[in-house]
Amino acid sequence: MSSAALPRVVIIGAGFGGLTAARALKSAPVEITLVDCRNFHLFQPLLYQVATAALSPGDIAWPIRSVFAGQKNVRVVMMEVNSIDPTSQTVSGGVTSISYDYLVVATGATHAYFGHPDWAQFAPGLKTIDDARAMRERLLTACELAELSDDDEVRRRCLTTVIIGGGATGVEMAGAVAELSRRTLRGEFRRIDPEKMRIVLVEAGPRLLPAFPERLSERCKRSLIEMGVEVKPGSTVTECTERGVSLGPERIDAALVVWAAGVRASRAAQWLDAEHDRSNRIIVRSDLSVPPHENIFAIGDTSAVQSEGRPVPGLAPAAKQMGRYVGRLIAARVRNEADPPAFSYKHQGDLAVIGRKSAVVAMGQLRLSGFVARVFWSLVHILFLIGFRSKIVVAFEWLWSFLTRQRSARLISDGAPRHTVGPQATRGTFLANREQTKQGLARGIQGG
Ligand SMILES: Cc1cc2nc3c(=O)[nH]c(=O)nc-3n(C[C@H](O)[C@H](O)[C@H](O)COP(=O)(O)OP(=O)(O)OC[C@H]3O[C@@H](n4cnc5c(N)ncnc54)[C@H](O)[C@@H]3O)c2cc1C
């Protein structure tokens, strides 16, 4: 069969879901176009390590073209999709349109500010490499400004970080900032003591890590407190400004506020005029197709589906399982075989790292905490990185940092990102280059 006669599969998004779907179609007689607004696949679970200078961006991102260099039925297109026309079966981004026979939408999610979109500029979320680099920049610049200042109040504010959201991302970020200030920066400054950095973890619910068993949540809270993190469960943020945050009557002035409290799916539901839930996730059928279409599928963070009576969580393994399922289903259809049974999600467990010697793991009946959990967490993450080089580099960085306390990526660079692309573009920039970061901090420090 000539390539022109093969069914055309378009996959939008080369995240965990889209990448796995394309791989699952490796030996299927189809022509795949994998579209992403970025030219790389990003391992989001380790973004917080870039934000806290433990890893470099290149350690957790891989060019999509190189991932698929050996899979000849995949064509990679870098384009930001902004509409889908199910009648003409085309996907469009600006002036370019791509036709499909089957469409897989895997465009992920972005942050949700619960009706306060203006907070995004003061409390950025962690979703892209640009976000992580901007946070690293701000964290390190704040320490430099504190060292320069003679004003105690300014120093206090520069040395305060607030993290909003006590799920895995918030916990991991809080632990990593604590390690950076208490271990890595210790003894390096002359006028300030980074060990005195105030790190506040705010959670609206009654406990941290709500997806974990209560005992592990408690263990996590104890470990963070031992590391010097102030944990505030049952606290709701009522205001975010350039100066910091308010928790009702309590105001916390901070140089860095990180939003890890909620997500909202991409705009795919609007492109398809599809039914969606409160988080804008497309409500899909049990074969992950988007009603009323039989040939359009939504997977990963941008879809809402139940499995065994429970909603499938927004996690990387769930996105991968959906990608694998849709790949198998499309392969079966193009071969005129029967569809596989309805999608069913297998939860593999929950993991969160707290610090250099501590993590929590809940997998089936297995419950781990402390150093054993930390080693387990490291092995699992190394296993899931793409490519031998990344596995070796990341394993070496972690071992080096464990033995020496050093972090290799502690740079405040001139070339920090000036803007974000793709789904983040509408959020505006987060004081993206060094001057902006400095000016922003100075405004926050001097302003009312
Ligand atoms: C900081 C952080 C930490 C996390 N930690 C964990 C963890 O420890 N364990 C875990 O299991 N999960 C974790 N997650 C969640 C996990 O990363 C997501 O569930 C997973 O990435 C979802 O995969 P996806 O394929 O649906 O979307 P994504 O992986 O987000 O991929 C979406 C892709 O679509 C592209 N895209 C978006 N819009 C467009 C457009 N308009 N045009 C073209 N391309 C577009 C994006 O560039 C991206 O490549 C974390 C997430 C974050 C942000």
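The values are calculated or read from the model by the stated rules, or taken from the named source; none is laboratory data. Every value quoted in this text rests on a predicted model; they were computed, and no experiment measured them. Reconstructed Cβ throughout: ideal geometry from the backbone, glycine too, with neighbour counts over all protein chains shown. Just the protein is used for accessible areas: all its heavy atoms, side chains included, with ligands, DNA and RNA removed. Shrake-Rupley method; radii C 1.70, N 1.55, O 1.52, S 1.80 Å.
General observations
- Percentage relative contact order, the range 19-97, counting C-alpha pairs under 8 Å, at least six apart: 33 percent
- Scalar couplings 3J(HN,Hα) for the range 57-72, obtained by applying the Karplus form with A = 6.51, B = -1.76, C = 1.60 to θ = phi - 60°, are x, x, 6, 10, 9, 9, x, 4, 4, 6, 4, 9, 4, x, 9, 5 Hz; x denotes Gly and Pro.
- Three-way shape call for the range 173-241 based on the alpha-carbon gyration tensor, with the a/c threshold at 1.5: oblate
- GluC sites (Glu not before Pro), loop per DSSP, at most 14 other Cβ atoms within 10 Å - longest free stretch of the chain: 1-187
- Cα gyration tensor category, rounded, prolate or oblate, for the range 212-272 with a/c compared to 1.5: oblate
- The chain - mean residue ellipticity at 222 nm from DSSP helices (-39,500 (n - 2.57) per run, n ≥ 4, rounded to 500): -9500 deg cm²/dmol
- The mean sequence distance of close C-alpha pairs (under 8 Å, at least 6 residues apart), as a share of the length of the chain, puts its relative contact order at 21 percent.
- Each residue of the range 375-386 is assigned a 3J(HN,Hα), and the resulting list reads 5, 4, 4, 4, 4, 4, 5, 4, 4, 8, 5, 8 Hz, derived from the Karplus form 6.51 cos²θ - 1.76 cosθ + 1.60 (θ = phi - 60°), x at Gly and Pro.
- In this structure, the amide hydrogen of T160, modeled 1.01 Å from its nitrogen in the peptide plane, lies closer than 5 angstrom to those of R198, A255, L256, counting only residues at least 5 positions away or on a different chain.
- Once the Cα atoms are used to define both axes, helix 129-148 deviates from the longest principal axis of the chain by about 10 degrees.
- Taken per residue, the accessible surface of the chain reaches 44 Å², heavy atoms only and a 1.4 Å probe.
- Once the Cβ-Cβ distance of S97 and D118 is raised to the sixth power relative to R0 = 56 Å, the FRET efficiency obtained is 0.95.
- A simple rule links phi to the HN-Hα coupling: the Karplus curve 6.51 cos²θ - 1.76 cosθ + 1.60 with θ = phi - 60°, which for the range 269-280 gives 4, 6, 4, 9, 6, 9, 5, 9, 8, 5, 8, 6 Hz, with x for Gly and Pro.
- The chain - share of DSSP beta bridges that are antiparallel (%, nearest 5): 50 percent
- Amide H partners (placed H, <5 Å) of I412, local residues excluded: none
- Taking N39, N82, N280 in turn, the Gaussian network model of the chain (Cα-Cα springs below 10 Å) assigns the largest fluctuation to N82.
- Other-chain or far-sequence residues with amide H under 5 Å of I283's (modelled H): E275, H276, D277, A304
- Rough spin-label spacing in nm, given labels placed 7 Å along Cα→Cβ, for F371 and T90: 6.3 nm
- Exposed-site-free run, longest, the chain (rule: trypsin sites (Lys or Arg not before Pro); DSSP loop; at most 11 other C-beta within 10 Å): 73-189
- Helix 316-334 and the long axis of the chain differ in direction by around 10°, with both axes built from C-alpha atoms.
- Among the listed pairs K26/K391; K127/K221; K127/K320; K127/K196, a Cα-Cα separation exceeding 22 Å is found for K26/K391; K127/K221; K127/K196.
- Values of log10 I(q)/I(0) for the chain across q = 0.06, 0.08, 0.11, 0.13 Å⁻¹ run -0.26, -0.47, -0.88, -1.19, by the Debye formula with one identical scatterer at each alpha carbon and no solvent.
- Whole-percent carbon and sulfur share, accessible surface of the range 12-83, 1.4 Å: 53 percent
- Net lengthening on full extension, E242/E80 (0.36 nm per residue, minus Cα-Cα): 55.3 nm
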